[in-house]
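Peer 1: Okay, here's the structure, questions in a sec.
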Amino acid sequence: MGQFPLPHAVTDIQCGDDLETKVTYGRKATIAQLLATIVQSLLLVNVGMELAMATVVIGSLYKNPKAEFLLSDSESSWYGSILYLCQPIGSVLSGYAQKHFGKKSCVVLACVPSIFGWILLWYANSVTMLYWSTITMGMGLGFNDGPAYSYIGEICEPRLRGIMACVINMACLIGVLSSFGLSYVFHWKTVAAMSALCPVMCLTFVTFIPESPIWLLSKGKNEKAMNAICWLRGWVDPCVVATEYQELIFYYKMSVDQSKKIRDSKGLFSSFSWIKSPSVYRPLRLATFYYIFTLISCLTPCRPYIVKLMYESGVKDTHSISLVLFGFMQLAGSVGLTLTVRKLGKRMLTLSTLSINTLAIFMFAVYFVCINYKLISSDPYVPMVLYSIIMFSGAMGMLTVPWTLVSEIYPNEAKGFASSLTTAIFYILTFSATKVYLNVENTLGLNNTFFMMAAFSFVGFIYLYRNMPETENKTFMEIEEFFVPRNEQTSTELLPRTV
């Protein structure tokens, strides 16, 4: 490819002695990056509503003689998990789309199937239509998560990257709370119709935000890249962002040199060659194990069956209120993460929330044992408090941090492919765990199932304590060097540390 030239938008600007000085951007830069994040967050609100809708529908139709049609055990397990199975298909395709068409195009591709999925759910009058609606939503879901998180990672300053990723996570939890809250007031079909507004709004506003500057650079659109950076740093003049722009070019050139052989290969699946690179497979391994422990410690496989779980725990008359409470606790935990992540860091929040969840799950199992052996009478407040603690603690760390890591831990040239592959793995794991949960619970019983989850969560604490780095307020270069130290890098990778 040769040398990547500096665009005339930079070279023609006379910035004097300030060119080599690090610029500290002000409030306008924060507002600009927040606006871009909020537009992306509209689709994440939609994702949260899609993920929560299975709980709402199953709670309304599962063995309910008053419902218009019923869901059996098998149908409930398929409906509760099939969304996660379809997502990886769209996710793999989105990795290709990110590279060739950009992050904003993936947002559009995500909105269209989501709108059709909500319409199908609105008209659903059979289990088959329920399946088709969630399949359609799942395809759109795959085009959303990876592009959204990689977009935030690429447009934000290091000081804001963690917070903005937390805003994305918070948006998803706002969607969950919205679905639970609306289902308390409206019929589930009405909730489906109202939910279609989120992707429609996202389609409307996405045209007003810039594309990722580094993607524009990769396509040789240098002027547009400069304009995007100026917009994202508070609508400033090019002279103000000249230093950052040059650093971005050096970072991009390093990624190009590192991936020349992969970049020259053609075809939809050529990006899978990245899996051979330690700069990809090492962070991918960490993210995968992290998410496995997230699934267990946050009781994710149980979520489509929360109403059933609460009923078996002694909460028999307040199902809808419980759903709203749990959604609120998740949102509160996400707010807590946003407020504390810069001070405490992701590693500390991960280990502390995992410890709390492990203890809460263990106490849940002890509670079930006491109920089964009639040592105590069932009390609806005990499971509600324990589950609320798990929801709050998980959202403040274990449930949300792995998604923020997706935007930080991969090299630029592999970011689109690797982030989409990671989210695909996440959803395949979620599908598998959700699909088998009822069988595991029926085989082992609630108490033994929760004892097993507590044990695996403890194993997760040991693993993450030993292997998880701190990424908060770190540059991409510093994060990459944790996974591939400089003494392991090839000579083409050892460029000046300018980012």
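Peer 1: Given the conditions (1) open to solvent by 10 Å² or more (accessible area, probe 1.4 Å); (2) assigned to a helix (DSSP H, G or I); (3) closer than 19 Å to A54 by Cα, and given that E154 satisfies all but one, which numbered condition is not satisfied?
Peer 2: Among (1) open to solvent by 10 Å² or more (accessible area, probe 1.4 Å); (2) assigned to a helix (DSSP H, G or I); (3) closer than 19 Å to A54 by Cα, E154 violates only (3).
Peer 1: Also, quick follow-up: Tell me the residue from N442, N357, N447 that is buried (at least 24 other Cβ atoms within 10 Å of the Cβ) and polar (S, T, N, Q), please.
Peer 2: Unique residue meeting the criteria: N357.
Peer 1: Right, next: Report those helices (runs of 4 or more DSSP H) wholly inside the range 184-226 carrying at least 3 residues which are touching a Phe, Trp or Tyr at 6+ places or on another chain (Cβ under 7 Å) and open to solvent by less than 70 Å² (accessible area, probe 1.4 Å).
Peer 2: 188-195, 213-218
Peer 1: Quick one: in the range 20-43, of everything that is surrounded by fewer than 14 Cβ atoms within 10 Å (Cβ to Cβ) and assigned to a helix (DSSP H, G or I), which residue is modelled with the lowest pLDDT?
Peer 2: E20
Peer 1: Also, quick follow-up: How many residues, within the range 95-128, are in contact with a Leu (Cβ under 6 Å, 6 or more places away or on another chain) and open to solvent by 10 Å² or more (accessible area, probe 1.4 Å)?
Peer 2: Number of matching residues: 1.
Peer 1: Test of understanding: among L331, L354, which residue is more than 19 Å from S457 (Cα to Cα), in a helix (DSSP H, G or I) and in contact (Cβ under 8 Å) with a residue 24 or more places away in the chain?
Peer 2: On inspection, the qualifying residue turns out to be L331.
Peer 1: Going by the structure shown, is M398 outside any helix (DSSP H, G or I), open to solvent by less than 10 Å² (accessible area, probe 1.4 Å) and among the aliphatic types (A, V, I, L, M)?
Peer 2: yes
The values are calculated or read from the model by the stated rules, or taken from the named source; none is laboratory data. Predicted model only: the values in this text are computed from it and were never measured. Cβ coordinates were reconstructed from backbone atoms using ideal geometry, including for glycine residues, and neighbour counts include every protein chain displayed. Just the protein is used for accessible areas: all its heavy atoms, side chains included, with ligands, DNA and RNA removed. Shrake-Rupley method; radii C 1.70, N 1.55, O 1.52, S 1.80 Å.
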